[in-house]
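Structure first, commentary second.
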Amino acid sequence: MNNPYGYINGRVRMMRTALVESRALDEAASTVNYQEFLRQISETPLREDLGDATAQGAGLGQLDEALSRNYLRSVAHLRSIATGQPAREIEALLLRYDLQNVKTLVRGVLTGRQADDIVAGLIPAGTIPWPVLQGAAQSADVPSLAQTLSVAGGKIGQILRAAVAGGASSLLDLEVALDQGYYRAVLAGVRGTNVRRYFTREIDIRNLLIARQLRGGAPNARYFIPGGRDVTESDFLRIAGGDNSVSAQDLQAVTEAVDLGTAEAIARRLLDEASRNVAMADALGPGVALDYLRRKEQEIARMRLIGRAKYYGLSKDELAKELEGA
Amino acid sequence: MKNTAFAAAKYLPALTAMTLFGSAFAQEAAAGGDAGATAAGLKAIGAGLALGLGAVGTGLAQGPIGAAAAGVVAERPEKFGQMAIWFFIPETLVIFGFVGFFLLRG
């Protein structure tokens with residue numbers, strides 16, 4: 001009866017109305033050049049954070065900074081309005097960004113990229129402090145990265161350290177170990193049935209994508225992420241072996257997609273749909289915040305894509321294709 | 001257990017008002033000593049129930065609406081008027097209770 005999400009979700013719904021509308025995104029995508037694009041987005045709620053991005057001679061770096069600033073401000077605002085159990089649940093939702101950031105760091109360190117390049121790919125959200133992420137990007141190898149993150153890298157940092165200590169060394173081994181630990185932590189942290197249902201769907205989709213990645217090699221059950229609903233371990237091994245049939249009809253499109261990129265785009269669409277459903281069904285739970293975070297993430301990702309397309313003069317068709325996959 | 005006690009305590013003022021109204025009017029009717037004393041007493045209890053339950057219903061409805069409205073107004077103060085309308089709509093329940101109360105008293 002005394003549900004704190006009544007207040008929190010009222011605020012989050014209002015924050016959702018401040019997202020850039022799809023009409024404004026379409027208008028930004030149909031602008032003729034980068035300057036026109038900047039003028040167009042100056043008329044959206046993003047204008048408060050644009051700052052140097054609209055100055056004379058500013059480039060993509062300033063635009064990225066502006067978009068990151070806007071994203072960070074939204075996430076910080078969301079965190080500031082929740083206390084007690086809801087705050088813990090929202091923190092659990094923000095672990096998603098920690099996971100993405102740690103994966104970016106692992107990928108960057110494994111492939112020997114420059115620290116600045118790695119930092120440029122990080123998302124300024126999540127629970128790991130930004131200076132810790134910047135410091136971790138300087139790591140020479142994965143064990144030292146794991147060591148750095150184990151101190152102030154939150155739950156995901158500890159998961160990475162455990163994975164490295166357990167002998168994981170290849171990118172797939174590390175990514176799957178991170179996914180397994182992340183979903184275990186999230187499922188333990190959220191109590192709402194609808195949000196749990198969303199995460200079980202996400203686990204199913206992630207398992208399908210991993211199974212597709214494993215095709216052509218020897219299927220191995222250690223890459224399976226437990227906790228899903230429709231994709232069992234035996235389904236996972238079967239799909240990794242080349243079979244396309246799945247018990248849930250809507251997931252069939254992921255296994256039947258022509259390539260991994262298309263499968264990922266279909267997976268994103270399915271997850272968008274699932275997050276919209278959870279926001280509608282979970283009026284007094286963390287589902288509304290989950291949906292908001294997903295929408296905000298998409299808004300920023302699309303703005304970055306459109307900005308790049310306009311800066312480099314990509315054609316409308318090429319941009320439309322990129323946006324479809326985003 | 002603590003939550004149940006807390007929930008019950010929230011409705012205590014409305015329940016007290018309901019009981020007091022009912023018993024006060026019942027006593028008044030009984031003091032008359034006429035043949036319709038029992039009927040008048042029952043009508044008085046009915047009037048108390050109408051008002052009290054209307055108030056409880058209003059409280060139950062206004063709780064979550066008020067919380068959501070407070071959230072909306074915190075983000076967008078200009079929405080105050082719109083939120084106030086939604087917040088006051090459940091007041092009709094207690095108004096209906098009042099109507100029932102006066103009809104039974106009349």
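The values are calculated or read from the model by the stated rules, or taken from the named source; none is laboratory data. The shown structure was predicted, so the numbers you read here are calculated from the model rather than taken from an experiment. All Cβ positions, glycine included, derive from the backbone under ideal geometry; neighbour counts span all protein chains shown. These accessible areas exclude ligands, DNA and RNA; they are computed on the full protein's heavy atoms, side chains included. Shrake-Rupley method; radii C 1.70, N 1.55, O 1.52, S 1.80 Å.
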Taking the stretch A:1-46 only, how many residues are surrounded by fewer than 19 Cβ atoms within 10 Å (Cβ to Cβ), within 14 Å of chain B (Cβ to nearest Cβ) and farther than 18 Å from residue A:298 by Cα? 4
Tell me, yes or no, whether the stretch A:101-119 has at least one residue that is out of contact with any Phe, Trp or Tyr (no Cβ under 9 Å at 6 or more places or on another chain), surrounded by fewer than 19 Cβ atoms within 10 Å (Cβ to Cβ), of a type in the set (Gly, Ala, Ser) and farther than 23 Å from residue A:184 by Cβ. yes
Quick one: residue A:225 ticks every box in (1) part of a helix (DSSP H, G or I); (2) open to solvent by less than 50 Å² (accessible area, probe 1.4 Å); (3) over 28 Å from residue A:320 (Cβ atoms) except a single one, so which number is it? (1)
Filter the stretch A:283-325 for residues that are among the acidic types (Asp, Glu) and open to solvent by less than 50 Å² (accessible area, probe 1.4 Å); which is farthest from residue A:35 (Cα to Cα)? A:291
Is it true that residue A:99 is of a type in the set (A, V, I, L, M) and within 14 Å of residue A:297 (Cβ to Cβ)? yes
Run down A:160, A:187 and say which single residue is surrounded by 20 or more Cβ atoms within 10 Å (Cβ to Cβ) and either assigned to a loop (DSSP other than H, G, I, E, B) or touching a helix residue (DSSP H, G or I) at 6+ places or on another chain (Cβ under 7 Å) (or both). A:160
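Working only within the stretch A:194-205, note down all residues that are free of Cβ contacts under 8 Å to residues at least 40 places away in the same chain and surrounded by fewer than 21 Cβ atoms within 10 Å (Cβ to Cβ). Break it down stepwise before answering.
Looking only at the stretch A:194-205, we keep the residues that are free of Cβ contacts under 8 Å to residues at least 40 places away in the same chain, and these are A:196, A:199-200, A:203.
Matches in the stretch A:194-205: A:196, A:200.
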If residue A:174 passes every condition in (1) open to solvent by less than 10 Å² (accessible area, probe 1.4 Å); (2) within 21 Å of residue A:265 (Cβ to Cβ); (3) outside any loop (DSSP other than H, G, I, E, B) but one, which one does it miss? (2)
Which is at pLDDT below 85, within 14 Å of chain A (Cβ to nearest Cβ), part of a helix (DSSP H, G or I) and open to solvent by less than 60 Å² (accessible area, probe 1.4 Å), of B:9, B:61, B:69, B:14? B:9
I want to confirm something. Restricting to the stretch A:69-96 and keeping residues that are closer than 18 Å to residue A:301 by Cα and basic (Lys, Arg), which single residue is surrounded by the most Cβ atoms within 10 Å (Cβ to Cβ)? A:96
Only one of these conditions is not met by residue A:254: (1) surrounded by 21 or more Cβ atoms within 10 Å (Cβ to Cβ); (2) within 24 Å of residue A:67 (Cα to Cα); (3) more than 17 Å from the chain's Cα centre (by Cα). Which number is it? (2)
Matching helices (runs of 4 or more DSSP H) fully within the stretch A:38-141 where at least 1 residues are closer than 22 Å to residue A:12 by Cα: A:47-50, A:60-80, A:84-110
Conditions: (1) open to solvent by 40 Å² or more (accessible area, probe 1.4 Å); (2) within 14 Å of chain A (Cβ to nearest Cβ); (3) without any contact (Cβ under 8 Å) to a residue 12 or more places away in the chain. Residue B:86 meets all but one. Number of the miss? (3)
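Suppose the filter is open to solvent by less than 50 Å² (accessible area, probe 1.4 Å) and modelled with pLDDT of 90 or more; does residue B:56 pass it?
On the way: open to solvent by less than 50 Å² (accessible area, probe 1.4 Å): yes; modelled with pLDDT of 90 or more: yes.
When the stated conditions are applied, residue B:56 passes them.
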